[in-house]
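A short worksheet on the structure shown next.
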Amino acid sequence: MVAAPADMASPVPVTARAQRFVRWLPAAVAVLVVALYVVFKNTAVLPHDDDASLFHWVNDARDWVDENRNTSPFFLFFVNYVRLGVAELFTLFQTALTALGWPGLVGVAAGLGWLAGGWRIAAVSVAAFAGIGVLGLWDASVDTLALTLSAVLLSLVIGIPIGVLAGRSPSVRRIVSPVLDVMQIMPTFSYLSPVVLLFLIGPASATIATMIYAIPPAIRITALAIERVSPTVVEASESLGATRWQTMRKVRLPMALNTITLGVNQTIAAALSMVPLVALIAAPGLGVDLIRALARVNVGAALVPGIGIVLIAIVLDRITRSAAVSRVRSRIVSWSGFAVLVVAGVALTPVLAPEFPEQWEIQIVRPINDVVNWIEGNWYGFTGFLNDTVAYGLLNPLQDVLTTAPWWLITLAVLAFAWRISGLRAGLIAAGCLVAIAALSLWEHSMETLTIVVVAAVITILAGALLGIGAARSRWFAAVLRPVLDAAQTMPSFSYLLPAVALFGNGRFTAIIASFIYAVPVVARLVEDGLRAVPGTVLEAARSAGSTDRQLLWKVQLPMARSSLLLAANQGIVMTLAMVVIGALVGAGALGYDVVAGISQQEDYGKGLVAGVALVLLGIMLDRITQGASGRLNPEKKRIA
Amino acid sequence: MGTAAIEVRGLWKIFGPKADRIIGSPDAELDSAALRAKTGCTAAVRDVSFEVRPGEVFVVMGLSGSGKSTLVRCLTRLIEPTGGDIAIGGEDVRGMSAAQLRELRRHRVSMVFQHFGLLPHRRVLDNVAYGLEIQGVAKAVRHEKARAILSLVGLEGHEDSYPDQLSGGMQQRVGLARALAVDPEVLLFDEPFSALDPLIRRDMQAEVVRLHREVGKTMVFITHDLSEALKLGERIAIMRNGSIVQVGTPEELVGAPADDYVADFVRDVPKSHVLSLRWISRQPDTDEPLDGPELPADTVIHDAIPAAMASARPIRVVADGELVGVVDRVDLLGAVRLGEAGGDPEHAALAGSTAEEA
Ligand SMILES: Nc1ncnc2c1ncn2[C@@H]1O[C@H](COP(=O)(O)OP(=O)(O)OP(=O)(O)O)[C@@H](O)[C@H]1O
Ligand SMILES: [Mg+2]
């Protein structure tokens, strides 16, 4: 997709013959791969085997852990305490939030909203929480809120100090940064099984899984904020004889505070997007009904808790976001307003009863399902056609190729492809990941997942690039697109599954549509930003030389935005993978399904855990392929669900 | 000299790996580019020595990259020197422990920065009180002190503003107040006014002159602006590539530049405003009358013009009650004309020869 001239591959001057060679090399390699495929088709394939010895071995290990959970010192003195502590924290939040009752909780939310951003945010909080109550989601929402807050609290308590250390010390950063990189490309499903192994199922392990997912933005953004504190101010503080701790407490932390608050915002967003997934490991809350309804393709029943999560997300997002930009100056007014709202809410609790009144609830499941049924009935011609076209025209042929080609050929092809785009090192790592997947006895399922990811990523990247180019070239188009993309980006990731299920029912295509909706905004945004970053003077020079708009795009803007385009591709692919995996919940099968099955069925545990590892390897492979020659493209890259 | 406020001997600062091995080795003689090419190190300050007298305004001047900021930061070890000795008020700074160094910075030396370095999340009052706060001074006391200092720098009524609500000049007054609030013996200024526009810069320079008169602190003032240096400096050190090429009064620099670099620097200065009669006085001719008006030798040429206009006779230039020479209208006119023409090659030569005669 990147319009890089072929001769960019060779920075050193070479003879014309060598240049021609370099230009034709990729084509030659492609022809060679095709030829090898034709010759070796159906040899060295690795068909799926549910009884692979590795899976049994993992099962045995699980059994050993289960037997020794209460005797081994590692569990007795460490893991079990962690589990108890985290469970205690969750219970604490749960009890406190329940005790507040709905009027009290609405009051607290309104107070926090008022404190952070004035009456507007307070009103948004009240409206959203009232909406939750009216939808009949109050109790489940309290559980979800308690779990989210526990996980966010833990993430911040652990993440901010690590972030501060990483921001101050390059050697800590060198250790932390690659770990975070891997955590970010790791599909969420992959660590559910290990967490369950250590902490069993329940709120504790759900909190821990959520925390693992939510902690990277806390660390990363804190480190960035601390690193970026103006050195002059730090120097001024030191020149007055401040100790390191004084400078940290009075200069660095306060100056980094707004950015760190944005980190909190990101952490919360990440935690909320885990809600449906942790329901798989027996977390109470909104996710439970959502997952159950998804499994039964009951869009209405899934949408309602989905709306609940989105409402919670909106409240927490608005509060933290405005806390990050506001500079509260008149403290007295703010705090007294806060106190009034909280006290009013809490005082109303005994009056209005802590449970949300049932007579205020409304049922919207049926009307939604009526609409969905109508769509299914009337649009089937269109949706069915799309579904079948993609399935028979793209997915099946590609899956055929990937599963009938010898594994070594695919590995070599990936090596060559990654080498060409991102250099030899990246190519070797990507190929290494594939070899490891082969060794994990999950080759066929991995290729199935890869098939969906490739198709979804190609569609997503093409569409995102078109939207991005459109937005970069037309102010009008950008003005329309921006708010839509912004809104899309604040939604928890799974919420994209719902419209996809409504339109296309269960299946691989639904996962593709969901990842498309999920990743397109980010791709479009990155492409647009990259194109806009091309300096105006360069464009002016090109125009004054008589370039047409088209020439400008292909010969100036796209080549100059190469690294942004690669980054967009990278993000698009990694996000697509994340969504395709979650797509297992709506019947996309393959590795994601292995993980889900492993959690719910004892005898499939081994396969599930190994599938999680395979997902990580797949993620690393896809990331490396598109990483670009310059290594890590963007340290601030958006957290991937 | 034990009475110096600041005494610097053989100070080096080399940035880069294994910097301490370079001092004393033949590499130390290399020029910057060669040193960087050979060792990857940058010598920002090379073998600098000078003294600052108590109560003096000592200006360090040089082009961008000549090592001024590094030098001034080495004085309180905000940048750790690579070699050499520093004494402030007779105490060896390089030998200080971290705690002693903090004490030095808290009570005796404070600094004003080019980009102000104010804390954006604190009110002006709390910015000024910051130095006292980290010393552990009680809130009421430090606020009272900060208010007094704010009125000294002309910022009454802005105590509760935030830095971003003030203009650049006012922000730097806050920076100045913050440095003054701890009542230090020495104030260090690193190009404090170069981020300000010219009119405000002139105000602030006047402010520093006034403060110096009122509080009489020792000041080390970094600038790359010659007119600022001449206006403020009792003595000026000119830096080039990390070394000091000349230290002297404004008059010495303008009248007797040590080399072409310094001469180039001072070439556009109107000489008649800086040089004194001492620099142009000559032995009286045998038949010259010696009953003209008498002026001290350190009278600036420009200020001698009225006297010369008032009398047809040559001016008698005296120092310590003794006649050191005479100056007539022609001499004065020549000096003024040369000064204004500035920059012609003859002129540098003439300045050089005058210096030799003196
Ligand atoms: N931390 C550092 N690491 C490496 N080199 C440095 C560092 N700080 C300064 N230098 C180098 O030391 C030399 C002197 O820098 P310095 O900032 O002292 O110059 P300056 O005279 O203050 O210039 P300016 O007028 O631009 O402020 C420069 O060549 C600079 O590149
Ligand atoms: Mg400087």
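The values are calculated or read from the model by the stated rules, or taken from the named source; none is laboratory data. These numbers were taken from a predicted model, which means no experiment stands behind them. Neighbour counts are summed over all protein chains in view; Cβ atoms, including those assigned to glycine, are modelled from backbone coordinates with ideal geometry. Just the protein is used for accessible areas: all its heavy atoms, side chains included, with ligands, DNA and RNA removed. Shrake-Rupley method; radii C 1.70, N 1.55, O 1.52, S 1.80 Å.
Residues that are surrounded by fewer than 18 Cβ atoms within 10 Å (Cβ to Cβ), in contact (Cβ under 8 Å) with a residue 60 or more places away in the chain and within 18 Å of residue A:590 (Cα to Cα): does region A:416-430 have at least one?
no
For region A:490-601, list the helices (runs of 4 or more DSSP H) that sit wholly inside it and hold at least 1 residues that are closer than 30 Å to residue A:298 by Cβ; which are they?
Values: elements: A:497-504, A:508-532, A:536-544, A:562-582, A:590-600.
Ranges flagged: A:497-504, A:508-532, A:562-582, A:590-600.
Quick check on region B:9-33: of everything there that is assigned to a loop (DSSP other than H, G, I, E, B) and surrounded by 14 or more Cβ atoms within 10 Å (Cβ to Cβ), which residue is nearest to ligand 1 (Cβ to nearest atom)?
Taking region B:9-33 as the starting set, the residues that turn out to be assigned to a loop (DSSP other than H, G, I, E, B) are B:16-18, B:22-25, B:30-31.
Next cut, surrounded by 14 or more Cβ atoms within 10 Å (Cβ to Cβ) only: B:16, B:22-23, B:30.
On the way: B:16: 7, B:22: 14, B:23: 16, B:30: 14 Å.
So the residue we want is B:16.
So, restricting to helices (runs of 4 or more DSSP H) that lie completely within region A:51-167, which ones have at least 3 residues that are under 30 Å from the mean Cα position of the chain (by Cα) and of a type in the set (Val, Ile, Thr)? Steps first, please.
Working: elements: A:53-68, A:80-117, A:119-134.
The helices (runs of 4 or more DSSP H) meeting that bar are A:80-117, A:119-134.
Yes/no matrix, rows are residues, columns are (1) open to solvent by less than 10 Å² (accessible area, probe 1.4 Å); (2) in a strand (DSSP E or B):
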residue	(1), (2)
B:55	no, no
B:61	yes, yes
B:77	no, no
B:87	no, yes
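Give the residue that is nearest to residue A:231 (Cα to Cα), with candidates limited to residues of region B:52-74 that are touching a His at 6+ places or on another chain (Cβ under 7 Å) and near ligand 1 (Cβ under 6 Å from one of its atoms).
Here is the first cut: in region B:52-74, the ones touching a His at 6+ places or on another chain (Cβ under 7 Å) are B:57, B:61-64.
Remaining after also requiring near ligand 1 (Cβ under 6 Å from one of its atoms): B:62, B:64.
Details: B:62: 23, B:64: 19 Å.
The selected residue is B:64.
Can you pull out the residues in region B:159-170 that are in a loop (DSSP other than H, G, I, E, B) and acidic (Asp, Glu)? Full working, then the answer.
Pass one, region B:159-170, residues in a loop (DSSP other than H, G, I, E, B): B:159-162, B:166-167.
Matches in region B:159-170: B:159, B:160.
Would you confirm, using the coordinates I've provided, whether residue B:71 is more than 12 Å from chain A (Cβ to nearest Cβ), within 16 Å of ligand 2 (Cβ to nearest atom), open to solvent by 10 Å² or more (accessible area, probe 1.4 Å) and in contact (Cβ under 8 Å) with a residue 60 or more places away in the chain? Show your work before the answer.
Numbers: more than 12 Å from chain A (Cβ to nearest Cβ): yes; within 16 Å of ligand 2 (Cβ to nearest atom): yes; open to solvent by 10 Å² or more (accessible area, probe 1.4 Å): no; in contact (Cβ under 8 Å) with a residue 60 or more places away in the chain: yes.
When the stated conditions are applied, residue B:71 does not pass them.
Go through (1) within 24 Å of residue B:8 (Cβ to Cβ); (2) at pLDDT 90 or above; (3) of a type in the set (Val, Ile, Thr) for residue B:215 and report which single condition fails.
(2)
Could you pull out the residue among B:201, B:173, B:178, B:210 that is in a helix (DSSP H, G or I) and within 16 Å of ligand 1 (Cβ to nearest atom)?
Details: B:173 fails: within 16 Å of ligand 1 (Cβ to nearest atom); B:178 fails: within 16 Å of ligand 1 (Cβ to nearest atom); B:210 fails: within 16 Å of ligand 1 (Cβ to nearest atom).
On inspection, the qualifying residue turns out to be B:201.
Would you pick out the residues in region B:102-112 that are within 16 Å of ligand 2 (Cβ to nearest atom) and either more than 7 Å from chain A (Cβ to nearest Cβ) or open to solvent by 20 Å² or more (accessible area, probe 1.4 Å) (or both)?
Filtering region B:102-112 for residues within 16 Å of ligand 2 (Cβ to nearest atom) gives B:111-112.
The answer is B:112, and nothing else.
Is there a residue being within 16 Å of ligand 2 (Cβ to nearest atom) and at pLDDT below 95 anywhere in region B:87-101? Steps first, please.
In the first step, residues of region B:87-101 are kept if they are within 16 Å of ligand 2 (Cβ to nearest atom); the result is none.
No, region B:87-101 contains no residue that is within 16 Å of ligand 2 (Cβ to nearest atom) and at pLDDT below 95.
Which residues, counting only those in region B:227-242, are within 16 Å of ligand 2 (Cβ to nearest atom) and open to solvent by 30 Å² or more (accessible area, probe 1.4 Å)?
Filtering region B:227-242 for residues within 16 Å of ligand 2 (Cβ to nearest atom) gives B:228-229, B:237-242.
Of everything in region B:227-242, those that are within 16 Å of ligand 2 (Cβ to nearest atom) and open to solvent by 30 Å² or more (accessible area, probe 1.4 Å) turn out to be B:240, B:241.
Return the only residue of A:297, A:264 being of a type in the set (A, V, I, L, M) and closer than 19 Å to residue A:210 by Cβ. Spell out the reasoning first.
Values: A:297 fails: closer than 19 Å to residue A:210 by Cβ.
After applying the criteria, what remains is A:264.
Looking at B:265, B:221, can you tell me which residue is at pLDDT below 85 and within 16 Å of ligand 1 (Cβ to nearest atom)? It would help to see each step written out before you state the result.
Numbers: B:221 fails: at pLDDT below 85.
None of the others qualify; the one that does is B:265.
Among (1) within 14 Å of chain A (Cβ to nearest Cβ); (2) away from ligand 2 (no atom under 13 Å from the Cβ); (3) touching a residue at least 24 places away in the same chain (Cβ under 8 Å); (4) over 30 Å from residue B:150 (Cβ atoms), where does residue B:84 come up short?
(1) is the only condition that residue B:84 fails.
Quick one: residue B:36 ticks every box in (1) within 12 Å of ligand 1 (Cβ to nearest atom); (2) of a type in the set (D, E, K, R); (3) in contact (Cβ under 8 Å) with a residue 24 or more places away in the chain except a single one, so which number is it?
Of (1) within 12 Å of ligand 1 (Cβ to nearest atom); (2) of a type in the set (D, E, K, R); (3) in contact (Cβ under 8 Å) with a residue 24 or more places away in the chain, only one is false for residue B:36: (3).
Tell me, which residue of region B:224-247 that is part of a strand (DSSP E or B) and basic (Lys, Arg) is nearest to ligand 1 (Cβ to nearest atom)? Outline the logic, then answer.
Pass one, region B:224-247, residues part of a strand (DSSP E or B): B:235-240, B:243-247.
Restricting the remaining residues to those that are basic (Lys, Arg) gives B:235, B:240.
Values: B:235: 18, B:240: 10 Å.
If we take residues in region B:224-247 being part of a strand (DSSP E or B) and basic (Lys, Arg), then B:240 is nearest to ligand 1 (Cβ to nearest atom).
Looking at region B:39-49, which of the residues that are touching a residue at least 40 places away in the same chain (Cβ under 8 Å) and not acidic (Asp, Glu) is farthest from ligand 1 (Cβ to nearest atom)? Spell out how you get there, then give the answer.
Initially, region B:39-49 is screened for residues touching a residue at least 40 places away in the same chain (Cβ under 8 Å), giving B:43-49.
Narrowing further to those that are not acidic (Asp, Glu): B:43-46, B:48-49.
Details: B:43: 8, B:44: 3, B:45: 7, B:46: 11, B:48: 12, B:49: 17 Å.
Step by step, filter region B:39-49, then rank; the result is B:49.
Considering only residues that are within 14 Å of ligand 1 (Cβ to nearest atom) and of a type in the set (A, V, I, L, M), which ones fall in region B:75-89?
B:75, B:78, B:79
Provide a single number: the residues in region B:113-158 that are away from chain A (no Cβ under 14 Å), surrounded by fewer than 21 Cβ atoms within 10 Å (Cβ to Cβ) and not in a helix (DSSP H, G or I).
Of the residues in that region, 5 qualify.
Only one of these conditions is not met by residue B:222: (1) within 16 Å of ligand 2 (Cβ to nearest atom); (2) away from chain A (no Cβ under 14 Å); (3) surrounded by 20 or more Cβ atoms within 10 Å (Cβ to Cβ); (4) not small (Gly, Ala, Ser). Which number is it?
Answer for residue B:222: the failing condition is (2).
Looking at residue B:194 and the list (1) crowded, with 16+ Cβ neighbours inside 10 Å; (2) within 16 Å of ligand 1 (Cβ to nearest atom), which single condition is not satisfied?
With (1) crowded, with 16+ Cβ neighbours inside 10 Å; (2) within 16 Å of ligand 1 (Cβ to nearest atom) applied to residue B:194, the lone miss is (1).
Could you tell me which residue of region A:439-462 is surrounded by the most Cβ atoms within 10 Å (Cβ to Cβ), considering only residues that are without any contact (Cβ under 8 Å) to a residue 60 or more places away in the chain and within 21 Å of the chain's Cα centre (by Cα)?
A:451
For residue B:52, indicate whether it is within 14 Å of ligand 2 (Cβ to nearest atom) and touching a residue at least 12 places away in the same chain (Cβ under 8 Å).
In short, no.
Based on what the data block shows, is residue A:306 out of contact with any Cys (no Cβ under 7 Å at 6 or more places or on another chain), surrounded by fewer than 24 Cβ atoms within 10 Å (Cβ to Cβ) and of a type outside the set (Val, Ile, Thr)?
So residue A:306 fails the test.
Residue B:46 - would you say it is assigned to a helix (DSSP H, G or I) and away from ligand 2 (no atom under 16 Å from the Cβ)?
Values: assigned to a helix (DSSP H, G or I): no; away from ligand 2 (no atom under 16 Å from the Cβ): yes.
No, not satisfied.
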